[in-house]
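Trainee: Submitted below is the structure of interest, expressed as structure tokens.
Nothing in this text is a laboratory measurement; each read-out follows from the coordinates by a stated rule. Note that the coordinates shown come from a computational prediction; the quantities given were computed from them, not determined experimentally.
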Amino acid sequence: MDDKLIAVHAAPNLPTAEMIKEYLEGEGIAAVLRSRLPSFMGSDMVEILVPSEREADARQALEAFLEGVPEDWSETDK
């Protein structure tokens, strides 16, 4: 088993990242959040990481999840 974590998505803010993480976990895919930069530096970008052996599953689940979401959906989370 490979313990390496792979970033599968970068969310624009923490609430959006948490929503995606919960979705992936609901699909049986463990996920971890990692802030890309401290928020005082003007960016709230948060990476969603999954175990490398679940990368393909996570990307497929994310594609299905994001397919039905309007492009500006995360703007309401700010």
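Trainee: Run the numbers on the range 5-69 and let me know its relative contact order in percent, using alpha-carbon pairs under 8 Å that are six or more apart.
Mentor: Details: 95 pairs, mean separation 26.4, N = 65.
Taking the mean separation of contacting Cα pairs over the length of the range 5-69, I get 41 percent.
Trainee: Largest first and in whole Å, give the semi-axes of the range 5-69's equivalent ellipsoid, each being the square root of 5 times a Cα gyration tensor eigenvalue.
Mentor: Working: eigenvalues 82, 33, 16 Å².
Working from the Cα gyration tensor, I get semi-axes of 20, 13, 9 Å.
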